[in-house]
1. Hey, any idea what % of the chain's accessible area is carbon plus sulfur with a 1.4 Å probe?
2. Please work out the average accessible area per residue across the chain, using the 1.4 Å probe convention, and give it in Å².
3. Per residue Cα convex hull volume for the chain, in cubic angstrom?
4. Can you tell me which aspartates and glutamates have their Cα less than 20 Å from the Cα of Lys66? Leave out same-chain residues fewer than eight positions away.
5. Bins of 10 Å, beginning at zero and ending with the bin holding the largest distance: percent of Cα pairs per bin for the stretch 50-98, please.
6. What range in the chain is the longest one free of trypsin sites (Lys or Arg not before Pro) that are in a loop by DSSP and have at most 16 other Cβ atoms within 10 angstrom?
7. Straight-line reach only, C-alpha to C-alpha below 24 angstrom: list the lysines that Lys14 could link to, leaving out same-chain residues fewer than 8 apart.
8. Taking 0.36 nm per residue of separation and subtracting the Cα-Cα distance, what length does fully extending Lys25 through Tyr4 add?
Amino acid sequence: SPWYALPYLSKDIKAVKERIEKLEKLDSIQVSADIEFDGGTIVENTDINRVQIIFDSKPDQEIIDKLKSNGFHWSPSEKAWQRMRGIRVLGIAKAIVL
């Protein structure tokens with residue numbers, strides 16, 4: 001690498017280290033069991049770093065609107081409403097469906 005790229009590399013390394021620390025922190029507060037509710041399940045899928053809400057049947061429009069307004073997206077491949085894991089995301093998911 002040219003000399004002028006070095007400051008940028010150290011910045012990138014720092015950002016990656018911070019991301020790893022954040023993910024490790026999330027893993028330490030991981031819920032061990034899925035949360036069942038009337039009509040589905042909340043799953044903390046650590047393999048793909050997502051909180052997923054899996055409904056037994058299509059939720060009504062009011063629930064879909066709440067999911068969308070709280071950052072959840074429908075994943076056809078996972079057949080679940082999901083959002084990236086975060087410290088508050090599990091609580092948001094519970095508030096929507098419980």
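1. 54
2. Per-residue accessible area for the chain comes out at 72 Å².
3. 129
4. Glu36, Asp38, Glu44, Asp56, Glu78
5. Going from the shortest bin to the longest, the percentages are 27, 63, 10.
6. 1-78
7. Output for Lys14: Lys22, Lys25.
8. Extra length from Lys25 to Tyr4 when fully extended: 4.2 nm.
The values are calculated or read from the model by the stated rules, or taken from the named source; none is laboratory data. Every value quoted in this text rests on a predicted model; they were computed, and no experiment measured them. Positions of Cβ are generated from backbone atoms using ideal geometry, with glycine treated the same way; all protein chains shown enter the neighbour counts. Keep in mind that these areas ignore ligands, DNA and RNA; they rest on the heavy atoms of the full protein, side chains included. Shrake-Rupley method; radii C 1.70, N 1.55, O 1.52, S 1.80 Å.
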